[in-house]
Every structure is written in C-alpha cells, then in structure tokens.
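The values are calculated or read from the model by the stated rules, or taken from the named source; none is laboratory data. Here the structure is a predicted model, which means the values were calculated and not measured. Neighbour counts are summed over all protein chains in view; Cβ atoms, including those assigned to glycine, are modelled from backbone coordinates with ideal geometry. Each accessible area value is taken on the protein alone, full model and side chains, heavy atoms only, with ligands, DNA and RNA left out. Shrake-Rupley method; radii C 1.70, N 1.55, O 1.52, S 1.80 Å.
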Amino acid sequence: MELTKNITSKMTTNLRAAGVRVTRQRVALLAVLQDSTDHPDAEELYRRAKMVEPAMSLATVYRTLAVLEGAGVVHRNSFEGGGARFEAAPKDHHDHIVDLDSGEVIEFHSERIEELQSEIAAACGYDVVHHRMELYCRKKR
C-alpha cells in the first residue's frame, strides 16, 4: 500500500505539473488503476473506485479517464473484440497477450522481440519511435 501511495503521489504531481486539477475522484481512480493487476474497462473501474470514493459516478469515471489519458498518466488499450481497457502509464514498456477465451490480458516483455523489431526497422531505414504488440491467443490444450 505504501508503494501505491508513493506512485499515486508521483502521478498527482505530474497532473499538477500538466495543469490538471487534482480531485478526490481523480486520486481515487489513480489509486484503483495503480492497484489493478488486470486491464479493467471503465465500468469495472467505476465499481472499484466507488468503494474508495462513494461520491464517484460513472460519468465522472469517463471524464476523469479522458483527462488522465490526456495528461499521460493513464494508457487506453483497445483490444480486438472489446471496448477500451485502461492501465496506469508509468510502467516499463510491455506488450500484451489477450486470451481469446477468457478475455484476460497478460503483460509480457521480451528483449529478443524488442531487438528484432529494431533490426527490422533499421533494415527498412527507420528507427522505432513507438510500438505496441498484441498477441491474441488460446491456451494450449
């Protein structure tokens, strides 16, 4: 919990630096996102945030997510076959596996994949500026 407080405090500092007003609802949503081990959608975030901040409304969650995304502290993911899912932004780079049967989103990082992408881009005359990789999978049976 102490780590979450420190990270949430850093995020609120970043919001203030970006000129974004820090409210109880925004702090509650940041804390919920920071504690999330999954990639919840707005409605799931609303259910979780309501337990922390009873004055939270679904409309507030949607507005707040847009503000937090604009400030760069929240990432919106749009995986095939589903709506937007969210995660706190200050994580190290990672890619995603989406389980097609359960909808679970698993984060992973592979130096080998990162190097290969850079090699391919360089061979084509480019430098990688940003990328995202999503693998849509089913568990082996």
Item to complete: Give the carbon-plus-sulfur fraction of the accessible surface of the chain in %, rounded to a whole number; probe 1.4 Å, heavy atoms of protein chains only.
Response: 53
Fill in: Highest-fluctuation residue, ILE97, ILE120, ILE106 considered, GNM on the chain with Cα pairs under 10 Å
ILE120
Practice prompt. DSSP loop (so not H, G, I, E, B), at most 12 other Cβ within 10 Å: list which chymotrypsin sites (Phe, Trp or Tyr not before Pro) in segment 38-134 pass both filters.
Written response: TYR126
Practice prompt. Quick one: plug the Kirkwood hydrodynamic radius of segment 95-137 (C-alpha pairs) into Stokes-Einstein at 10 °C, 1.306 mPa s, and report D in µm²/s.
Written response: 137
Worksheet item: Net charge near ARG26, counting Lys/Arg +1 and Asp/Glu -1 over other residues with Cβ under 13 Å of its Cβ?
Response: +2
Worksheet item: What whole-number value in Å² describes the accessible area per residue of the chain for a 1.4 Å probe?
Response: 64
Discussion item. Students sometimes get this wrong: rank LYS140, LYS50 by accessible area, probe 1.4 Å, all chains present, largest first.
Written reply: LYS140, LYS50
Practice prompt. Before anything else, pin down the relative contact order of the chain: Cα pairs under 8 Å, at least 6 apart, normalised by residue count, whole percent.
Written response: 19
Worksheet item: Can you list the residues, at least 5 places off or on another chain, whose amide H is less than 5 Å from the amide H of ALA89, using H built in the peptide plane?
Response: VAL74, HIS75
Discussion item. What does the charge count around LEU15 come to, taking other residues whose C-beta lies under 9 Å from its C-beta (Lys +1, Arg +1, Asp -1, Glu -1)?
Written reply: +3
Worksheet, complete the sentence: Convex hull around the C-alpha positions of the chain: the volume in Å³ per residue is 147
Fill in: Selection from GLY81, GLN117, LEU135 lying farthest towards where the dipole of the chain points positive, charges on Cβ
GLY81
Discussion item. I want to verify a result. In a Gaussian network model of the chain, Cα cutoff 10 Å, which of these has the top mean-square fluctuation: VAL74, VAL128, VAL22?
Written reply: VAL128
Item to complete: First obtain the Kirkwood hydrodynamic radius of segment 63-141 from its Cα pairs, then insert it into the Stokes-Einstein equation at 20 °C and 1.002 mPa s, and state the resulting D in µm² per second as a whole number.
Response: 148
Worksheet item: Nearest-5 percent of antiparallel DSSP beta bridges in the chain?
Response: 70
